[in-house]
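Written out below as structure tokens is the structure these notes cover.
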Amino acid sequence: MPTASRPPAPPVAPGRLPLIGHALALWRRPLEFLDSLTAFDPIVATHLGPKPSYVLTGPDLVHRVLVTEAANYAKGRSFDKLRPYLGNGLATSEGAFHLRQRRLVQPAFHHQQIAHYVDTMARLAAERADSWRPGQVVDVTRQMLELSLAIVTSTLFSTSLDASAAAEIRHAMPVVLHGMYTRVLDPTNLWHRLPTPGNRRLADAHDRLRRAIDHLIHADRADHADHADHASGRPDLLSMLLQARDADSGEAMTDRQLHDELITLLVAGTETAAGGLAWLFHELGRHPHLDRRLHQELHDHAVLPLTADQLPRLGHTRRVVDEALRMRNPGGITIRRATTDVELGGYRFREGTEFIFSALVLHRNPRHFPHPLRFDPDRWLPDRPPAPRGAFVPFGAGHHLCIGESFARTEMLTVAATVASRWRLTPAPGARVRGVMTSTNHPDNLLMTVEPRPEAD
Ligand code: HEM
């Protein structure tokens, strides 16, 4: 029952249309639509399908759903739509199976292991930056997408990645990412069955991606004697997953499960980090004083190529990363479904109700982040009051917390520092940047001019 002070149901987000509800708004101008929800606290109803879904705007409710009362929630219906692509990998599995897989995959993301990946990240970022010429105009989002795909594939498969498998993955991934998103948003659930050219392209790309990953697994299994990255002598991520054994049963992952985890890591780890980096360069381009500070910090504290032990010295660069993750959070929306009747924000909801939260909405709440649309890395200085629990959740929380958090932060820091040490990226004249929300939030038409750093910079 509703509490005495509350109406019987949460308010409904403005702009609801007959039959399609808010689906068009979320499709056409998702960032504006999500931004408009910050005004509602702590919960607001949206209509994206036959039943309402409730957007949680209060950090406390988000924390309850993801952490303290997580047992009452499962992943939402949209995850069922992802299963044909991601199988039963970490992002789509639940319960005891998810926990077992999480334990098997976790060692590949340990702090020490991430430190080994820094060399690869720095090398690939330097190669990319070295390919630019003074005065060249680059599409930064595209550059970051290619770079982050190269980083994920190289750290996952450093030993077995041959040029043709790499090319297959790099071509197929963007098509699969786009197709998955369209599939999730389709309220009819029919569109993907039609033999449209787009659906055929998706089926073909998915098939090629699957075959390339299977090829890599088999190549690595066959190569039992040599599980080390030839350059560094260290195991790559795939090798670690191949060697992982369940603590109770002693069993290894099957090829099928390995496949699902690898495709999940590729999908979850590519566009997100790329979007975060693209936004970061956009903000540095708009704030030359922050860019200068970053360059000064690199000049004072870093020797290129970057190594893991240098990263802790880059305090300002790290705060720029945090601020990009806050104000321009690249993640998509997160969905949970109640597995029992629940109470949230003084309202009662039936089992099966879906709840949504968007880090972007939470991160732009002026109650927790004064002047939320001001890009201000100094808000992360250690002497500033911390954001309340659940208010800053770029990587989620609870048992589905992003397993790649440390990887992604390290990647953003390493790439930002490596690129900024060589170049200053400034907005190209006349280019109108637009925020686009697909499965991730990233800038479109982010054209920037590559300028050499003046000596005295
Ligand atoms: C800035 C970059 C990134 C952001 C903003 C991000 C965000 C997130 C969020 C919010 C979740 C939780 C989803 C939920 O609760 O339903 C998540 C889960 C996940 N992420 Fe990330 N992520 C990023 C980078 C990465 C990277 C680089 C990888 C791997 C290389 C990765 C792999 C995963 C996986 C496997 C999951 C599922 C974890 C589980 O359910 O146990 N992510 N990510």
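The values are calculated or read from the model by the stated rules, or taken from the named source; none is laboratory data. Worth saying up front: this structure is predicted, and the values here are computed from it rather than measured. Positions of Cβ are generated from backbone atoms using ideal geometry, with glycine treated the same way; all protein chains shown enter the neighbour counts.
For the reader, a short list of remarks on this structure follows.
- Among the residues of the stretch 368-427, those identified as among the acidic types (Asp, Glu) and within 8 Å of the ligand (Cβ to nearest atom) are GLU405, GLU411.
- Note on the stretch 98-117: residues that are within 11 Å of the ligand (Cβ to nearest atom) and either under 19 Å from the mean Cα position of the chain (by Cα) or loosely packed, with under 15 Cβ neighbours inside 10 Å (or both) amount to 9.
- In this structure, ALA91 does not qualify as in contact (Cβ under 8 Å) with a residue 40 or more places away in the chain, touching a Gly at 6+ places or on another chain (Cβ under 7 Å) and within 11 Å of the ligand (Cβ to nearest atom).
- Condition met for ALA247 (in a loop (DSSP other than H, G, I, E, B) and touching a residue at least 60 places away in the same chain (Cβ under 8 Å)): yes
- Test: ASP322 is more than 26 Å from GLY49 (Cα to Cα), surrounded by fewer than 20 Cβ atoms within 10 Å (Cβ to Cβ) and within 16 Å of the ligand (Cβ to nearest atom): yes
- Close pairs (6 angstrom Cβ cut-off, 6 or more residues apart or separate chains): over 30 Å from PHE375 (Cα atoms) and among the hydrophobic types (A, V, I, L, M, F, W, C) in the stretch 326-354, within 16 Å of the ligand (Cβ to nearest atom) and modelled with pLDDT under 95 anywhere: none
- Positions within the stretch 388-428 being outside any helix (DSSP H, G or I) and closer than 21 Å to GLU271 by Cα, in sequence order: PHE392, VAL393, PRO394, PHE395, GLY396, ALA397, LEU401, CYS402, ILE403, GLY404, LEU425
- No other residue among THR334, THR317, THR339 is among the hydroxyl-bearing types (Ser, Thr, Tyr) and modelled with pLDDT under 95 apart from THR334.
- Screening ARG286 against (1) of a type outside the set (Phe, Trp, Tyr); (2) more than 20 Å from the chain's Cα centre (by Cα); (3) crowded, with 19+ Cβ neighbours inside 10 Å; (4) modelled with pLDDT of 95 or more leaves a single unmet condition, (3).
- Helices (runs of 4 or more DSSP H) enclosed by the stretch 270-381 - at least 1 residues per element that are in contact with a strand residue (DSSP E or B) (Cβ under 7 Å, 6 or more places away or on another chain): 288-301, 359-363
- Criterion (surrounded by fewer than 18 Cβ atoms within 10 Å (Cβ to Cβ), charged (D, E, K, R) and in contact with a helix residue (DSSP H, G or I) (Cβ under 6 Å, 6 or more places away or on another chain)) met by exactly one of ARG453, ARG389, ARG432, ARG374: ARG389
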